[in-house]
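A.B. asks: This is the structure I have questions about; it appears just below.
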Amino acid sequence: MKNFQNQFDIPLTEIVGRQIYITDFGKEIAAAAEAILNEVYAINYKTQAYKGQLSGRLKISVVSTGKYVMPYFLSDFINNNKEVELEMDVTNKTKTLKSLKNNEIDFALVSILPKDIEVESKIILENKLFLIGNKYVDINPKNDLAEYAANYPLIYREAGSATRITMENYLDQNGIKPNMKLQLTSNEAVKQSVIAGLGLSIMPLIGLKNELDKGDLKIIPVKKLPIVSSWRLIWLKGKKFSPVANAYLKYINASHEEIKNTYFSWISNY
């Protein structure tokens, strides 16, 4: 950093208190450097294209639970196209849709379609949400969530999460107002908290297979559950795809059924 700063008479950074900040000049230099790097990448991609190889960047944003889904729908494509660079951001629904709306990505993986963005989509997998508890939870013969909610804390995902939205909609529609609730920022945190006995949660089945198989978690039968939706690959309506993005969409259209049957056939057992 010191050697880089020596190239300029104007400071790139400044220290205020114990914090270091990028100056306005530093931000301009960073933007210029990024533009130069992008041009270098573009030249490299064109070189590979002349050699008959598919090359470029594939940019995807995935809602957090989608990390259990998306890699299986990418692996063969990436392995068969070695010159393709993958950028995949795993975040919550709000940030994923913001990236899509700003046209910063090629595709997004979501379980709830956005209402304020015009998109096209491809369903790639069924999504099921169940009430989940640890192995010590006694099953209520009434199968009534209100009974469970009165006796166990309900564990929520953070605001902005698709799982949180789905769970709250279900509770509202059935007139259930839990007395106690916890909020955590990832499905993994929720899962571990349920296993530890901190409460119950309505969770997507997709990330629970190992824990269900081992008996650490169990599905609690409840009326009007599971909630069934779909995992969808979405993109901006009318988007002009790069050669890489166009090739990937063709791959998904041709291969998604085979991928689903190979890796996710177990979902139909629940």
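Only the coordinates and a few stated rules stand behind these numbers; no lab work does. Treat the numbers as computed from the prediction; the structure is a model and nothing was measured. All Cβ positions, glycine included, derive from the backbone under ideal geometry; neighbour counts span all protein chains shown.
A.B. asks: Below 8 Å, C-alpha to C-alpha, sequence gap of six or more: please give me the relative contact order for the chain in percent.
C.D. replies: It rounds to 24 percent for the chain.
A.B. asks: For the chain, with only Lys/Arg (+1) and Asp/Glu (-1) charged at the beta-carbon, what is the dipole magnitude about the Cα centre, in debye rounded to 20?
C.D. replies: Dipole size: approximately 520 debye.
A.B. asks: Now a separate question. Pull up the cross-link candidates among the aspartates and glutamates for residue 142, meaning alpha carbon to alpha carbon under 20 Å and not fewer than 8 places away within one chain.
C.D. replies: Those aspartates and glutamates meeting the cut-off are 172.
A.B. asks: With a/c under 1.5 counting as rounded, go ahead and sort segment 153-199 into rounded, prolate or oblate using the C-alpha gyration tensor (a ≥ b ≥ c being the square roots of the eigenvalues; past the cut-off, prolate if a/b is larger than b/c, else oblate).
C.D. replies: On the way: a/c = 2.42, a/b = 1.35, b/c = 1.80.
Judged from the Cα gyration tensor, segment 153-199 comes out oblate (a/c at least 1.5, b/c at or above a/b).
A.B. asks: Restricting attention to segment 180-270, which trypsin sites (Lys or Arg not before Pro) occupy a DSSP loop and are surrounded by at most 11 other Cβ atoms within 10 Å?
C.D. replies: Qualifying residues, ordered by number: 223, 224, 237, 240.
A.B. asks: Which residue, 117, 54, 207, has the largest displacement toward the positive end of the dipole of the chain when charges sit on each Cβ (Lys, Arg +1; Asp, Glu -1)?
C.D. replies: The one lying farthest along the dipole's positive direction is 207.
A.B. asks: Hey, rough spin-label estimate for residue 183 and residue 120, points 7 angstrom out along Cα→Cβ, what's it come to in nanometres?
C.D. replies: Result: 3.8 nm between the two label points.
A.B. asks: By how many nm would the segment from residue 104 to residue 192 grow when fully extended, if each residue of separation counts as 0.36 nm and the alpha-carbon distance is taken off? Before the final figure, lay out the partial values.
C.D. replies: Values: separation 88, 0.36 × 88 = 31.68 nm, distance 3.30 nm.
Value of the extension gain: 28.4 nm.
A.B. asks: Which of [x] 1.24; [y] 0.99; [z] 1.17 is the computed Cα Rg over 2.2 N^0.38 Å for the structure on display?
C.D. replies: It is the value labelled [x].
A.B. asks: Can you return the lysines within cross-link range of residue 122? Criterion is Cα-Cα under 18 Å, with same-chain partners fewer than 8 residues away left out.
C.D. replies: In chain and number order, the partners are 59, 67, 93, 101, 237, 239, 240, 250, 260.
A.B. asks: Once both labels are modelled 7 Å past Cα along the beta-carbon direction, what's the residue 263-residue 242 spacing in nm?
C.D. replies: A separation of 2.2 nm, rounded to one decimal place.
A.B. asks: Which listed residue (84, 150, 167) has the Cα farthest towards the positive end of the charge dipole for segment 64-181, taking +1 on Lys and Arg C-beta and -1 on Asp and Glu C-beta about the Cα centre?
C.D. replies: 150
A.B. asks: Now for a different question. Based on the Cβ-Cβ distance of residue 158 and residue 113, what FRET efficiency does E = 1/(1 + (r/R0)^6) give at R0 = 22 Å, to the nearest 0.05?
C.D. replies: Numbers: r = 21 Å, r/R0 = 0.93.
After rounding, the FRET efficiency stands at 0.60.
A.B. asks: In the chain, which whole DSSP H runs stretch at least 20 Å along their own axis (Cα) and average -1.0 or higher on the Kyte-Doolittle scale?
C.D. replies: 24-50, 243-263
A.B. asks: Given +1 on the Cβ of Lys and Arg, -1 on the Cβ of Asp and Glu, and no further charges, what dipole in debye does segment 150-270 carry about its Cα centre, rounded to the nearest 20?
C.D. replies: Its charge dipole is roughly 380 debye.
A.B. asks: List every residue whose amide H lies under 5 Å from the amide H of residue 62, counting only residues 5 or more places away in sequence or on a different chain, with H placed 1.01 Å from N in the peptide plane.
C.D. replies: 89, 90, 91, 109
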